[in-house]
Amino acid sequence: MGLFGKSHQPELPVESTKTTIISEGSFIKGDLKFSGSVHVDGEIEGTIICEQILTIGKTGKILGTIQADKLIISGLVEGEVDCNVLEVLTGGKFVGEAQYNEIMIEHQGAVEGTLKAKKGREPLAKIKKKEGDKKLPEGNEKLGLIG
């Protein structure tokens, strides 16, 4: 029994409606996971998992592996991408290998590399573990941080 006669129930995770902003001039290196949307105007090098919309602004730059529900590119993305929706906007550039369900490339949007359409709305593939990746502390399975 909790304080004042009420039992305390743990809060369930809620789908995030917030957007994380990585501002211009910022540099992040490492593996990142976001439950909400992300807008990047800075630079990220590593693996990004975004359960909602990942937007790369005009000054944004990503080097690495991306897994997102929707990826919108106005800046530069180099690497491997697995997403349901891929949009390369005017002035945006993608270099690498992408798997997607839907794609839209605006006039003056640039794509170099391999594009592969998935069959239907498949779940996003698991990011392959690289040799030397650190293991997360125990208990993160319950938080949904590792699968």
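List of remarks:
- Conditions (1) among the charged types (D, E, K, R); (2) under 19 Å from Ile53 (Cα atoms); (3) at pLDDT 95 or above; number of the one not met by Glu122: (3)
- Single condition Gly25 does not satisfy, out of (1) touching a His at 6+ places or on another chain (Cβ under 6 Å); (2) modelled with pLDDT of 95 or more: (1)
A quick yes/no check of all residues on (1) in contact with a Pro (Cβ under 7 Å, 6 or more places away or on another chain); (2) at pLDDT below 90; (3) assigned to a loop (DSSP other than H, G, I, E, B); (4) loosely packed, with under 10 Cβ neighbours inside 10 Å:
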| site | (1), (2), (3), (4) |
| --- | --- |
| Pro10 | no, yes, yes, yes |
| Thr20 | no, no, no, no |
| Gly30 | no, no, no, no |
| Val38 | no, no, no, no |
| Glu45 | no, no, no, no |
| Cys50 | no, no, no, no |
| Thr55 | no, no, no, no |
| Lys58 | no, no, yes, no |
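- Whenever a residue of region 92-114 is in a loop (DSSP other than H, G, I, E, B), its partners that are at pLDDT below 95, lying with C-beta atoms within less than 8 angstrom and at least six residues away or across chains, give the pairs Asn101/Ala117; Asn101/Lys118; Asn101/Gly120; Asn101/Arg121; Asn101/Glu122.
- Matching option when the condition is farther than 23 Å from Glu24 by Cα and of a type in the set (Gly, Ala, Ser), among Ala68, Ala98: Ala98
- Residue among Gly109, Gly92 that is surrounded by 11 or more Cβ atoms within 10 Å (Cβ to Cβ), at pLDDT 95 or above and over 19 Å from the mean Cα position of the chain (by Cα): Gly109
- Residues that are aliphatic (A, V, I, L, M) and either assigned to a strand (DSSP E or B) or more than 11 Å from Lys58 (Cα to Cα) (or both), drawn from region 70-89: Leu71, Ile72, Ile73, Leu76, Val77, Val81, Val85, Leu86, Val88
The values are calculated or read from the model by the stated rules, or taken from the named source; none is laboratory data. Please read all numbers here as calculations on a predicted model, not as lab measurements. In this analysis, Cβ positions are derived from the backbone assuming ideal geometry, glycine residues included, and neighbour counts consider all displayed protein chains.
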